[in-house]
Amino acid sequence: MITLGPKRKAAAPAHEASVDFGGASRQLEQESGRFVVTFAFAEIIIFLALAALFNSFLDPVIILVSVPMSLAGALIFISIGIGGASLNIYTQVGLLTLMGLVSKHGILMVEVANELRAAGKDLVEAIIEAATIRLRSILMTTAAMVLGVIPLITASGAGAVSPYNMGLVIATGLSIGTLFTLFVVPVAYCLIARREAQTAA
């Protein structure tokens, strides 16, 4: 007669933990990958549009040189978390808007500098005069946009966090980007345009 021993209980399955996002965090996680693609396409479209406008592939590089600096300036305030600011879908929209606004400053300066060079002025003299001529336009554009987003920053009540994030990104990024435009773009213009002239010669 065969006797069976006590049955062994099956080992309990190991418990696995999983992390899931909810609310705004889930939306950010889902849209973050798409934002990188959208941002890359925006950069390419702006670059090609500027290349067609100026009939050059180097002028767009000069114009867009201050864009990464303005974006970094805006992200500094987000990383600090001023007023509870965070990287979300609204700040992403603000960063895309900021890229176009900062590019306009460079367009104003490079366009006038090219016209002055065509008139026979020296490279350095042309960009200094262009920066002087366009200084008022650049500062007025910056002031108008920063003052325009103040209602977003000072908004209160339900749903005020979303416009605050967008307004903070635009105001801080545009202010820092304007500062870089006035100093970095002329330097980049002198370096890149001089190399272009030497290559053409």
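Starting from the 7 Å offset along Cα-to-Cβ, what nm value, one decimal, do you get for the label separation of Ile150 and Val61?
Label at Ile150, label at Val61, 4.1 nm between them.
Provide Rg and Dmax in Å for the stretch 25-200, with only Cα atoms included in the calculation.
Taking only Cα atoms of the stretch 25-200, I get Rg and Dmax of 17.7, 60 Å.
Using label points projected 7 Å from each Cα along Cα→Cβ, tell me how many nm separate Ala52 and Arg34, to one decimal.
2.6 nm
With r defined as the distance between the Cβ atoms of Leu191 and Leu87 and R0 fixed at 30 Å, what FRET efficiency is calculated, to the nearest 0.05?
0.35
If packing is taken as the average number of other Cβ atoms within 10 Å across a peptide's residues, how do 82-88, 56-62 rank, most packed first? Provide the component values of the computation, followed by the final result.
Numbers: 82-88: 15.0, 56-62: 19.3.
Ranked by mean Cβ neighbours within 10 Å, highest first: 56-62, 82-88.
So how strong a dipole does the stretch 25-200 carry about its Cα centre when Lys and Arg Cβ are +1 and Asp and Glu Cβ are -1, to the nearest 20 debye?
That gives the stretch 25-200 a dipole magnitude of about 140 debye.
Just report the Cα centroid separation between the stretch 125-201 and the stretch 56-86, whole Å.
Going from one Cα centre to the other spans 10 Å.
Arranged by the count of other C-beta atoms within 10 angstrom, fewest first, what order do Val161, Val19, Val67 take?
Ascending number of Cβ neighbours within 10 Å: Val19, Val161, Val67.
Go through Ala188, Thr142, Val124 and say which Cα lies farthest out towards the positive end of the charge dipole of the stretch 25-200; charges sit on Cβ, +1 for Lys and Arg, -1 for Asp and Glu.
Sorting the options by dipole projection puts first Thr142.
Just to confirm a number: summing +1 for Lys and Arg and -1 for Asp and Glu over residues other than Thr178 whose beta-carbon lies under 14 angstrom from that of Thr178, what do you get?
+3
Throughout, read-outs are computed from the coordinates displayed, never taken from laboratory work. Just so we're clear, the structure is a prediction, and the values are computed from it rather than from any experiment. Here Cβ is always computed from backbone atoms with ideal geometry, including for glycine, and neighbour counts include all displayed protein chains.
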